[in-house]
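The values are calculated or read from the model by the stated rules, or taken from the named source; none is laboratory data. Because the structure is predicted, anything quoted here is derived from the model rather than measured. A quick note on method: Cβ atoms are made from the backbone with ideal geometry, for glycine too, and the neighbour counts reach across all protein chains shown.
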Amino acid sequence: MTDERCPGCDGELRMLGFLLCLRAEDQKRVCRTPAWCPRCDRAWFRWADRPDDALEEDTAVPPGFYRRMARR
């Protein structure tokens, strides 16, 4: 996700690591790569095994969660 831009505001995204999740569509455990935009405070992700897929907005976390994580 280097030089990735936010689909919402075209701000710079910050990659926050990997999260192991259960993907509902195929019941596989796969890493998600969350990214956060400090400009609009929105979170985005894509599945690590699908790097060419478009970013999806991450609505599974409470507002401000990634902002707190990015300070660490």
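Tabulated data
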item: Breaking point among (1) touching a Lys or Arg at 6+ places or on another chain (Cβ under 7 Å); (2) among the β-branched types (Val, Ile, Thr); (3) in a loop (DSSP other than H, G, I, E, B), for THR59; result: (1)
item: Condition check for CYS31: in contact with a strand residue (DSSP E or B) (Cβ under 8 Å, 6 or more places away or on another chain) and under 16 Å from THR59 (Cβ atoms); result: no
item: Subset of segment 1-28 [in contact with a helix residue (DSSP H, G or I) (Cβ under 7 Å, 6 or more places away or on another chain) and part of a loop (DSSP other than H, G, I, E, B)]; result: LEU16
item: Residues of segment 33-59 satisfying the condition of being under 12 Å from the mean Cα position of the chain (by Cα) and farther than 16 Å from ASP3 by Cα; result: ASP41, ARG42, TRP47, ALA48, GLU56, GLU57, ASP58, THR59
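Conditions tested, residue by residue: (1) acidic (Asp, Glu); (2) assigned to a loop (DSSP other than H, G, I, E, B); (3) at pLDDT 90 or above; (4) within 18 Å of GLY8 (Cα to Cα).
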{"residue": "ARG32", "(1), (2), (3), (4)": "no, no, yes, no"}
{"residue": "TRP36", "(1), (2), (3), (4)": "no, no, no, yes"}
{"residue": "ARG46", "(1), (2), (3), (4)": "no, no, yes, yes"}
{"residue": "ARG50", "(1), (2), (3), (4)": "no, yes, yes, no"}
{"residue": "ALA54", "(1), (2), (3), (4)": "no, yes, yes, yes"}
{"residue": "ARG67", "(1), (2), (3), (4)": "no, no, no, yes"}
